[in-house]
Amino acid sequence: MKITVMSFNDPKDKRTWSGTMSNMYEALKRNGFEVDTLTLKNWFTVSIFEEQCFT
């Protein structure tokens, strides 16, 4: 199964959210998931993403 982890910062960076995102990313990979990352840079990007995916 393929999963995309979205974050405002790099989810693989251990300094982001005290490592919470990095640990989640690594746990998903360890459990056999194919993990992509999507870093959202600003609220404009989020608005476009939500419009495309949820309408």
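The values are calculated or read from the model by the stated rules, or taken from the named source; none is laboratory data. Every value quoted in this text rests on a predicted model; they were computed, and no experiment measured them. Cβ sites come from the backbone with ideal geometry, for glycine too, and all protein chains shown count toward neighbours. SASA here: full protein model, heavy atoms, side chains in, ligands and nucleic acids out. Shrake-Rupley method; radii C 1.70, N 1.55, O 1.52, S 1.80 Å.
Each row is one residue, and each column tells you yes or no for (1) open to solvent by less than 100 Å² (accessible area, probe 1.4 Å); (2) at pLDDT 85 or above.
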{"position": "S7", "(1), (2)": "yes, no"}
{"position": "K29", "(1), (2)": "yes, yes"}
{"position": "L40", "(1), (2)": "yes, no"}
{"position": "T45", "(1), (2)": "yes, no"}
{"position": "T55", "(1), (2)": "no, no"}
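Pairs linking a residue in segment 12-36 that is more than 16 Å from K2 (Cα to Cα) to a residue that is open to solvent by 70 Å² or more (accessible area, probe 1.4 Å) and among the polar types (S, T, N, Q), with Cβ atoms under 8 Å and 6 or more positions apart or on different chains, are T16/N9; W17/N9; M21/N9.
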